[in-house]
Structure formats: structure tokens, C-alpha cells
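Working notes for the structure below.
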Amino acid sequence: MKLFYRLIVIVLLFISVCVNAQTRSVKTLESNWKFINEEVAAAKKPETNTTNWETVSVPHDWAIFGPFDKEIDAQKVKVQQDMDDEARMRTGRTGALPHIGVGWYRKTFTLPEFKAGKKALLVFDGAMSDAHVFVNGKKVGNHPYGYAYFYFDISDYLKDGENLLAVRLENLPSSSRWYPGAGIYRKVQIIVKDEVDFQQWGTFITTPFISEEVAKVNIKSEINGENIKVITEIEDANGKMVASKTSGEKFGKLVEQNIAVPNPILWTIEKPYLYTANQKLYVGDELKDVQTTRFGIRSVVYERGKGLMLNGKITKFKGVCLHHDLGPLGAAVNKAALKRQLTILKDMGCNAIRSSHNMPSHEQLELCDEMGFLFLAESFDEWAKAKVKNGYNRWFNDWAETDVVNLVRATRNHPCIVMWSSGNEVPDQWGNEGVKRAKWLQDIFHREDPTRPVTVGMDQVANVMKSGFGAIMDIPGLNYRLPLYGEAYERFPQGFILGSETASTVSSRGIYKFPVQEFKQKEYDDFQSSSYDLEACRWSNVPDEDFVWQDDYDWVIGEFVWTGFDYLGEPTPYNEAWPSRSSYFGICDLAGLPKDRFYLYRSRWNTEDETLHILPHWNWEGREGETTPVFVYTNYNSAELFVNGVSQGIQTKTKDLSKQHRYRLMWMDVKYEPGTVKVVAFDDTGKPAAEKEIHTAGKPHHLELSADCETISADGKDLSYVTVSVVDKDGNLCPNADNQLSFNVSGAGSFKAVCNGDATSLELFHLPTMKAFSGKLVVTVQAGEEAEEIELEVKSKGLKTAKMLIQTQE
Ligand code: GAL
């Protein structure tokens, strides 16, 4: 019987492929690419013998496999944004991974569906960087910006039978301020369709009128061809057709349809409801092209003094900035890895992402649409004036317009996007030319999308107040510079301020330093930063300082914290200290494990669930009798702390002392003695409402494994992230454990990577062994293509081997 159903499914699939084949086919070029780097660096042509080339899958990042090397892209620079007084050697600024140089990719493919009257588009979601693309030995074109989406019409380059695609990429030294990755790190597709077609990225869906009874869905579709007819059907999330329209008004190449959707269900953060527009393009009765576009019905309006009104409701940004790397996976995009990040952030109560400082992946936008995140889609870290010698400044004049147009056109139907950013801390904030550039870019965004506002993350606030730069922006975004918020609000005309980048607090997971006090740019001998969350940079601050502005002034419309996760490169404050090679800014570490700060944001942002978190850990051998402050991050206003049953008093959040006292409960005079720390939190009537304990751990005894997903898809791509904790005999985390662990994955999957979140570790992510850091690390296991079991085995000398089963399913 099962076989019978399978046969039916196969027949149906075959039919749908055939129907599709009449109109358009989309082929994703994933497996069996050939790759080589450096050795053929001098070669400018793709016709190289590939016997020594590696076989890889795309998305691919050639540099993430290391090794780390202090010399790679060491940049001697005076960084204006970091308020450097002189040029300094920055090691690890771009992650100390071998991303510099030339890489060649080759891929053979056949396109039997391509014939007379058809066209073939080769679409890249991103290639790092300076892509030169060849088909069958002929150059098709190039696109320099590594974060841009671009495509070429390759119809004239194709032949019958086997075709050869070759791509040359090159990363120069001093071209980035963080790890950019290297290679074809996002997906590549070939779309074959009729010459009469929906223009690539040419459809724009907006929802200009919304009421309970009806929403007006406006669809503008650019079409190549004459005498055409467009039929659009709108389906709800269950696939039920709720409205449709045949043709519409024609304006040159544009067909415009207004479709009434009855009783619309809105896209919200809590319930991100999605509709689909299925469009068919005909000439006479002949179907020429089909296109499916997902969208949401929602209204995005910004009001003076209030900020974003999402569907008429004030919605403050509780956002984080994210670089594009996925820690141990590097820049190679993986949807499961992105989903895990967003799942962690959702639990924290985060509602918004800023793709700093470049175009986001389509996969990330799809997930934000589905999971209910607002999105600030950024474009550039540089305009015409350089931050790094070989940065985007080399391309700005010739390419900025194309890159912005592609960004907007390729992504504007995502309901999650509620704002564009044309730049981050661009040095063009200085000088009149920069004011003109700001206006020029914003006008391009407006031309391509009149529905969303544009911001720039500005750090030269005093200057942009004078020059007019800040007044031009739809949304004035301030990076840090809290003391200037008030003046900027007064002087700018917009009527609100966005914290486009906030905090930049630094900490290392599970590391605490004494005495406990606020520091700027503090460095320690072990190249770690303290998790008491009181350390920031010269230009930045601790979270509570932002909270005060966010809470006390309605015209502060939210914040994007730098950053949600640690990223490769920019190891401030250890820019000159080897082996620091990744950031300390993350709310979560590079492995995705929450640092203490996660709970501080959660206690404020997640208004549904209880947060009650104690820090530091309680293993301080040698500190007996010494002052060891205890902090509690909680949504409750007050709590009592006990050490070995002895009360340390009640603390209540208050505005009267420091900014920290308003958001954290702090017992500053606790003397360390091993045992149990317990906190009892009180509700607003003073009744005990929740409690939590931590214990001094004994010796490492065994390993505990826990997976974020115990069942994953057998699609060859899905991932399970398994956290490994070194615990004592009673299951308490050993917070100082650094045991060397090794991993073996068998069955229907493979070992993908491992990461412990230590910014100074030079152990390689793709080798199946690593030390625990602060008692933990995370192993990433990848599904194969069989629906079976995967077994992960974790070994460590002196500890019992631990095992975990992960199921893969079709
Ligand atoms: C900002 C910058 C970010 C990052 C951050 C570190 O000025 O926009 O890219 O460098 O500082 O604090």
C-alpha cells in the first residue's frame, strides 16, 4: 500500500515537472562543483585541467577550513570609528582565515529544456567577491560586490549537450572590517523560461488599503512580450484561493492589478500570516510563464514621536545586528543554521534583525517572513570614501545604483522588511559630497520602493546635525552616541530617533573578572572579557544605558544591539592581541550559546515567559571569603538571595541608584563560599513567585548531550546542533572544564563542525575534536539523504563516552 502511494506521488511530481517544463524550470546548481584556489591564481582563463580540483557543494566557503594564521590580512590601520589615536596592527580583524586570493569554480550542466524561443538566466545570490563569470569559455559578465544579488542572461552562450560554467573570484587584502567569507557562499540557479515572461525581480506586491473587511492587494508586474494576459490567483496560507484577477491595466511593460482580498489575516510579529500570489502569463491561450510570490498583508507607517506603527500599533524595535557568517560554518549559507539563530533570538523576545552591513540572504528573509521578525535590510559599509583600502569605495561610483536596485527588486515582496539602510557609519558623513550621496541613494530606494523608509547608521552625529546629512534621512539612525540623542531629536526634523546600533558590550561566555566594575576597552591577560556585562568600548556602552533612553523617551523608536551572535573577525578589545580572532560583542557566543547578557535582554524583551538567571557560576576555589558579587537577570522586580541558606538580603529594581540598578538585581557584597546560591523572586504583591539555584560543581564526571532538533530532514542539508556539557556526578555544569573532546558521527549523517565559543581558540571547526570552553561546546551534525538514524558519539579521556541519536526523516 505504501508503495502504491509512493508511486502516485512520483507520478504527480512527474506531471507537475512536465507542466512546469512548458513554462519555466528552475535548476539549483548545488553538487559536483569543481574548485581550486591560489594555485591557479595567475590564470585568467577557465580552461584549466581540473584533475587536482576539489569537488565541493555550493553554497561553499573556501576559507572556513583554516588554518588560522596571524599574518592573514593583518591590517595596519588607524580606525576613525574606533577613535584610534594612531595606526595599529590589527591581527584577526577579518578572522585570520585564508580568504585572500583567487578561487575558481567550474560546473558542468545540461539544459535539455532550453530551445528556440526560450531564455536562460543564471542567478547568483552572492559570490565573494569580484565575480567574473564564463559560460563555455566565453565571458558572460562580472559583478564585484560580494554581497550583491545579480544575474546574467546566458541564452547566447549555451550549446546543446554539456555546458561549462566557470566563475573566478578574488578577495583582496584590506577589503573588509570583518570575516567576509570566500567563494560562492550563496545559491546559484539557472532559470529557463519563455522569451515572453515575467521580468526577473519585476513584480512588486503592496497592500495600500487594509480594513477588517477587505485588503487591496496591488500587484505591478513587469512583462516582456506583447498581447499578453495575466491571471493572478491569491491563495491563503492553507492553499485556498481567496481572490483572483484576469489582466489589469497596462502601462508599457507594466501590468497593474488591484485585487480585493476579503477578511484579510494580517502579517504580525506574533502571527506572521502569509499569502501567495500565483500568476500565469498568456499570449492568446498559450501559457508562457508562471510565477509564485509570497507576501503578507500588513501596514507599515512611521509616525512622529512614536515610530513604527505596524498595522496601526506602536512597535518598538527590539532588534539585533547580525553579520552574515554562521560561526563555524563560515559564510556558506545554511537555512537550518539561520533558523536556529532566529529560534534562539525569538526566545529572547527579539523582534527585529539588521543585516549589518550588507544585503541579507534570501533564506534569512524567508525565515523572518515565516517566524515574525521585522527586518532592516542594509546595503553598504562604505560609499566613495574608504574605511579599508580595498573596500566598496573601489566600486561605489560605478555599481552603487545597480546594487541598490538589485537589493530592492529582489527582496521587496518580503513582508518582514520594514526599512532599508543605505549605509553604515560611512566616512562620507563628512563633507558636502556625502550629503549629496545620501540623497542620491535614498532617492534610488524611493524610486524602486516608495513604501519603505531609508536610514543610515550614523556615528558622526555632531557633524551630521550641522551638515544636513541627518536631516535628509527618512529615519535618523544613531550608532551609539547616547549623550547626543536628545540634541539630535531636537535638531532633526523627523520627530524620532532610531538606535540603529547600540551597546557593543563585550563579554566571554562563563568568564568573570574581579573586582566587578565598569570598564571601557578593558584588556586581561587571558584575552577574555567579563560576563558581569559592565565592559564596553571607548565609543560604546552597556545595555542598561540604552534601556534608559528606550524607556524614558517615546521618540526613541527602538534599538539594534551590536550583535546577536559573535562573528568571525573584529576581536575588539583585543584587536592587536593574537590569537583573538572573533568578536566578543555577541549576546550569544560564536557557537550560538547564550552568554549571561542573553537573559538581561530576555528579562525585558520577552514579555510572555519568566526569566530568572543567576550569575556568576559558583566555582571559585581560592576566592573563599572574598567579595564575589551576584547578579540576577529577571522580569521580576525584586528578589531575595541566599548563599548556603543564609539570606543576603532583598534587592529591588530602582531608578534611584545607578542605571544598572534599574534593570538588574545586584548583591555586591556577597562573600564566596562553596555551596548553593539560591534566588527567590517576588511578584508585585511581594509573594514568592519563582526560584532558582546554582551549585558549586564537583569534578568533571560525565558528558551531557542535548540537541536543538532530535529529528531533522533527510535532505543532505538539515542540521542538528548538539550542546555538549561537562558535568559533575550530580549533573552540575563544571564551569571551568576545558576537557579535550572528540566526536564520531555514524549512520545517516555526518560531522559538520564544532565550536566552543572561545574567541582565542585556534582549533579548527571542521576537525572532530575540540576543547570545551567554560564547560561547553556545540557539535553540528548534518543530515544525509536517507531517512535513518544518526549516532553522535562524544569521547573524552577519563569520562564515560556519551551517545546521542538523531532521527532523519523524509
Ligand atoms: C560600529 C560598527 C560595527 C562594529 C561596531 C563595534 O561602529 O558599525 O561594524 O564595528 O562598531 O563596536
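Specify the inter-centroid distance of region 325-365 and region 740-810, based on alpha-carbon positions, in whole Å.
Distance between centres, Cα-based: 21 Å.
If each of Glu810 and Lys729 carries a label point 7 Å out from its Cα toward its Cβ, how far apart are those two points in nm?
4.9 nm
Could you list Thr711, Thr232 in order of exposure, starting from the residue whose Cβ has the fewest other Cβ atoms within 10 Å?
Thr711, Thr232
What FRET efficiency comes out for Val646 versus Glu487 if R0 is 45 angstrom and r is the Cβ-Cβ distance? Round to the nearest 0.05.
0.40
When the expected Rg is taken as 2.2 N^0.38 Å, what fraction or multiple of it is the alpha-carbon Rg of region 427-473?
Normalised Cα radius of gyration, region 427-473: 1.12.
I want to make sure I understand the PRE zone here: with the label point 7 angstrom from the Cα of Val301 toward its beta carbon, which residues in region 250-270 have backbone N atoms less than 11 Å away?
none
Which ordering of Met83, Met359 is given by a fewest-first count of other beta-carbon atoms within 10 Å?
By the 10 Å Cβ count, ascending: Met83, Met359.
Just how large is the dipole of the chain about the Cα centre, in debye to the nearest 20, putting +1 at every Lys and Arg Cβ and -1 at every Asp and Glu Cβ?
For the chain, the charge dipole is close to 1140 debye.
What base-10 log of the normalised intensity I(q)/I(0) is obtained for region 490-529 from the Debye formula, alpha carbons as equal point scatterers, at q = 0.15, 0.19, 0.20 Å⁻¹?
Values returned for q = 0.15, 0.19, 0.20 Å⁻¹ are -0.55, -0.67, -0.71.
Two decimals is fine: what is log10 I(q)/I(0) at q = 0.11 Å⁻¹ for the chain, from a Debye sum with one equal scatterer on every Cα and no solvent?
Calculated log10 I(q)/I(0) at the listed q: -1.39.
By how many nm would the segment from Gln521 to Leu287 lengthen if fully extended, with 0.36 nm per residue of separation less the alpha-carbon distance?
77.9 nm
Please compute the modelled spin-label separation between Lys389 and Lys797, points set 7 Å along Cα→Cβ, answer in nm with one decimal.
4.5 nm
Pairs Lys70/Lys187; Lys118/Lys240; Lys193/Lys439; Lys385/Lys439; Lys699/Lys752: which exceed 26 Å Cα-Cα?
Check vs 26 Å cut-off fails for Lys70/Lys187; Lys118/Lys240; Lys193/Lys439; Lys699/Lys752.
Under 14 Å from the 7 Å Cα→Cβ point of Asn432, by amide nitrogen: which residues of region 456-498?
Within reach of a label on Asn432, which here means backbone N under 14 Å from a point 7 Å along Cα→Cβ, region 456-498 contributes 467-469.
Give the separation of the Cα centroids, region 618-633 to region 551-577, in Å.
28 Å
Assuming R0 = 30 Å, what is the FRET efficiency of Asn311 and Ala690, from their Cβ-Cβ distance, to the nearest 0.05?
My answer for the efficiency is 0.35.
Compute the distance from the alpha-carbon center of region 658-674 to that of region 155-173, in whole Å.
Here the answer is 61 Å between Cα centres.
Counting pairs of alpha carbon atoms under 8 Å apart in space and at least six apart in sequence, what relative contact order in percent does the chain give?
9 percent
When N counts the residues of region 308-383, how does its alpha-carbon radius of gyration compare numerically with 2.2 N^0.38 Å, as a ratio?
For region 308-383, the normalised Cα radius of gyration comes out at 1.11.
Can you classify region 534-661 as rounded, prolate or oblate using the Cα gyration tensor, where a ≥ b ≥ c are the square roots of its eigenvalues, rounded means a/c under 1.5, and otherwise it's prolate if a/b beats b/c and oblate if not?
Oblate, since a/c reaches 1.5 and b/c is not below a/b.
Expected output is a single nm value to one decimal: the length gained when fully extending between Gln199 and Trp539, i.e. 0.36 nm times separation in residues minus the C-alpha distance. What is it?
Roughly 117.8 nm would be gained on extension.
For the pair Val26 and Thr51, how long in nm is the line joining their label points, each one 7 Å along Cα→Cβ?
4.0 nm
Computed FRET efficiency, Cβ-Cβ of Asp656 and Asn227, R0 60 Å: what is it to the nearest 0.05?
According to the calculation, E is roughly 0.20.
FYI, it's all coordinate maths here, none of it is from the lab. The structure displayed is predicted, hence computed values, not measured ones. Here the Cβ is made from the backbone with ideal geometry for all residues, glycine too, and neighbour counts use every protein chain on show.
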